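Below: one structure, written as structure tokens.
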Amino acid sequence: MVEINPDREVVTERSVSSKYDMTIAFVGNPSVGKSAFFSRLTGIGVVVANYPGTTVELTHGSINVDSKKIDVVDLPGIYSLGASTEDEKVSKRYLLREYPDVIINVVDATRLERNLYLTLQLLELDIPMVVALNQMDAAKEMGLELDIDKLSDFLGVPVIPTVATKGLGLDEVVLSALGEELSTENRRKVHYDNHILRAIERLDEDFPEISYGIKVRALERDEEFVKLSCRPHDADLLLATSESITEEIEKAHEMQISDTIARDLYGEAGYVVDRVTTQVERKATLKDRIDSLLTSEYVGIAGLVSALLITFFIVFSVGGFLEEGIVSLFETYLIFPVEEMLADSSPIFRNVVIYSLLGVEAGFAIAIPYIAVFYVILSLFEDSGYLTRASFLLDNWTHKVGLHGRAIIPLVLGLGCNVPAIMSTRALNTLRERRIASILIALTPCSARTVIILGLVGTFVGYWAAISIYVLELVVIFGTGWVLGKGLPGEKTGLIMEMAPLRRPDRKATLQKTWLRVREFVYVAFPLLVAGSALLGLLDAVGVLDVFENAVEPVSVGLFGLPAFAATALIFGVLRKEMALQILAVLAGTANFAQVLTPIQMYSFAVITTIYVPCVATIAILKHELGWKDTALISMFTICLALLAGFLINVAGMML
């Protein structure tokens, strides 16, 4: 059995140190269960999702097997070693620079032909490899019978059937990867076009020490691959020699050599699949009929709208119930007794302590109930495969208003958190798409904004008032997308996306994923919240808050109809969006906002907070992905839009 190392760690993009006896790298297409495998093996708990773009950086963990300490690396999900996307570049560079001892290629049994495209490329790297044939349960449900032994013979490497979500086959894969008999001999070579095979033979005469796979990449003009694999002099000479040969092949074929190689790879993959796969006739199941309905134009859209309304109702109901109970417990058994205890103490000390406790109360009572419930539902959507179907349906509609292709996936991700959503735009094909997607993600109400909408408007104004904010957000997002789609030049692309099979979510995986996401708030936001609340207490005690609030009162009250202390809360919302509501509770002295704000004030505060400049983490990732210029423009646009919305709501409120 594989023993999990209790001293596990997460490290991003680093070379393996000498403390490890060997390195195993997980490689595979997006959405094949690779990260689920890695999570179960190492216990680190990588966030697992049924959509591309989740893992964008290297993640390391360690395990102990017998006396060996092994570094396990989860590489980004990729479709090939061609390095057209950032994920593919990261994976290729790691494999060629770090040269792991073994590759575990995780393959989706339900999409074997497309997955084998990458497998055949990996076989040319001359790195020992094991194939984990995953999602065998889904393949069986689809009526696919796979001859595992024959597939292993065809590829020339061990093939182990697995079900990553249940941990089936995990030990066998790892033990096979550690087997001493694992070698790179007798592995399958792609039957490339005769022109390419003759070209490789010509290169063999001049470069007998350079491996077969490197020569193929040299003919394909993959300079980075060749330079990472060879000594500088050899790489330059090989590239120069292969250039003229490549031109001859392209002239003979009247097409790019990369297209010829891709055709041969897919042909080889199809040949293998035809000989190891048998399709068993089966009747349409209930799952098939449900899938058909979920992806149909009208029933699917109606179902999606219903799912969203039910989601918000559950978050609103459960979150509101938990919030009420937690607030009551905090105020009865902690805050009121401490206030009485510190009645005769120094005003500064008393304020710092009380404000800190109010910050803790706000975190537990406002953020965690709504965030946790929302993430449970989001995890169920992800793991069941419904999220990709929702994205497919949204794509058909949003093409009309400027949202393009795979940008739908990051937008849906943005409902959870804007930061990984913007990071996942790296998978988009053009800078134009990345810009459009990033701007719209910045406007997408993430889970932190959901806390504000439901915790303030949903609880104290009404459910449908909260829903109306989401409708307003959709209008803003679609309107902005339409303008950007018409105004920004560049090529428009369609949707290219994995449609994950419908499956029953694993309860353990769902709860684990929810905890990992909530943990990020507990570990990161809670200290900021308590420190910020303590600072507010200090500033209040020495009179600084009064000075600031008096200065902004003409604008806050005059233009937006908000009490002056709301402006302070809005500023803290830049640190983390949910902190705006939590600090509002601290400044108001209560989490029962109906005692200090009118319904129109709560509505206005929620709209402004939801629209204006994202949190600092989102700003940082925008800068990293797009640069300071685009980040500044996006921030200024959202601030102006939020202030305009707040002003119009105030005017409408006065007219009612």
*Pick out the one residue from 648, 643 that is free of Cβ contacts under 8 Å to residues at least 12 places away in the same chain and either basic (Lys, Arg) or surrounded by fewer than 17 Cβ atoms within 10 Å (Cβ to Cβ) (or both).*
648
*Is it the case that the range 319-326 has a residue that's assigned to a helix (DSSP H, G or I) and either closer than 30 Å to residue 292 by Cβ or not assigned by TED's automatic domain parsing to the domain that holds residue 477 (or both)?*
no
*Of these, 268, 331, 243, which one is assigned to a helix (DSSP H, G or I) and exposed (fewer than 14 other Cβ atoms within 10 Å of the Cβ)?*
243
*State whether the residues of the range 155-170 include one that is part of a loop (DSSP other than H, G, I, E, B) and surrounded by fewer than 17 Cβ atoms within 10 Å (Cβ to Cβ).*
yes
_Consider the range 273-301. How many of its residues are in contact with a Leu (Cβ under 7 Å, 6 or more places away or on another chain), surrounded by fewer than 14 Cβ atoms within 10 Å (Cβ to Cβ) and more than 26 Å from residue 145 (Cβ to Cβ)?_
1
*asked:* Restricting to the range 84-116, name every residue that is of a type in the set (A, V, I, L, M, F, W, C) and at pLDDT below 85.
replied: 90
*Among (1) part of a helix (DSSP H, G or I); (2) at pLDDT 85 or above, which single condition is residue 621 missing?*
(2)
_Selection from the range 126-154 of residues that are crowded, with 24+ Cβ neighbours inside 10 Å and assigned to a loop (DSSP other than H, G, I, E, B)_ = 135
_So, residue 394, is that one modelled with pLDDT of 80 or more and on the phi < 0 side of the Ramachandran plot or not?_
no
*Being over 16 Å from residue 471 (Cβ atoms) and either in contact with a strand residue (DSSP E or B) (Cβ under 6 Å, 6 or more places away or on another chain) or not hydrophobic (A, V, I, L, M, F, W, C) (or both) is the filter here, so list the residues in the range 305-324 that pass it.*
317, 319, 320, 323, 324
*Being at pLDDT below 70 and under 19 Å from the mean Cα position of the chain (by Cα) is the filter here, so list the residues in the range 518-547 that pass it.*
520, 521, 524
*For the subset of the range 171-183 comprising residues that are touching a Pro at 6+ places or on another chain (Cβ under 8 Å) and outside any helix (DSSP H, G or I), which member is surrounded by the most Cβ atoms within 10 Å (Cβ to Cβ)?*
182
*Condition test on residue 613, is it in a loop (DSSP other than H, G, I, E, B), at pLDDT 75 or above and under 22 Å from residue 415 (Cβ atoms)?*
yes
_Checking the structure you have, find out if any residue of the range 588-607 is in a helix (DSSP H, G or I), closer than 27 Å to residue 322 by Cβ and in contact with a Lys or Arg (Cβ under 9 Å, 6 or more places away or on another chain)._
yes
*Output the residues belonging to the range 336-359 that are out of contact with any Ser or Thr (no Cβ under 8 Å at 6 or more places or on another chain) and among the small types (Gly, Ala, Ser).*
343, 345, 346
*Do any residues in the range 271-298 that are part of a loop (DSSP other than H, G, I, E, B) have Cβ atoms under 6 Å from those of residues that are of a type outside the set (A, V, I, L, M), where the two are at least six apart or on different chains, and which pairs are they?*
280/143; 280/145; 282/143; 295/389
*Going by the structure shown, is residue 304 over 30 Å from residue 123 (Cβ atoms), in contact (Cβ under 8 Å) with a residue 60 or more places away in the chain and either outside the structural domain of residue 365 (by TED's automatic domain parsing) or buried (at least 16 other Cβ atoms within 10 Å of the Cβ) (or both)?*
yes
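Yes or no, residue by residue, for (1) modelled with pLDDT of 75 or more; (2) over 25 Å from the mean Cα position of the chain (by Cα); (3) closer than 30 Å to residue 143 by Cα; (4) charged (D, E, K, R):
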residue	(1), (2), (3), (4)
461	yes, yes, no, no
466	yes, yes, no, no
471	yes, no, no, no
477	yes, no, no, no
486	yes, yes, no, yes
493	no, no, no, no
496	no, no, yes, no
508	yes, no, yes, yes
516	no, no, no, no
*Does residue 580 satisfy being over 24 Å from residue 451 (Cβ atoms) and either touching an Asp or Glu at 6+ places or on another chain (Cβ under 6 Å) or of a type in the set (A, V, I, L, M, F, W, C) (or both)?*
no
*asked:* Anything in the range 196-208 that is in contact (Cβ under 8 Å) with a residue 12 or more places away in the chain and of a type outside the set (Gly, Ala, Ser)? List them, or say none.
replied: 196, 200, 202, 203, 206, 207
*Specify which of the listed residues (158, 76) is more than 19 Å from residue 275 (Cβ to Cβ), free of Cβ contacts under 8 Å to residues at least 60 places away in the same chain and out of contact with any Phe, Trp or Tyr (no Cβ under 7 Å at 6 or more places or on another chain).*
76
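The values are calculated or read from the model by the stated rules, or taken from the named source; none is laboratory data. Everything quoted here is computed from the prediction, not taken from an experiment. Note that we place each Cβ from the backbone using ideal geometry, even for glycine, and neighbour counts take in every protein chain shown.
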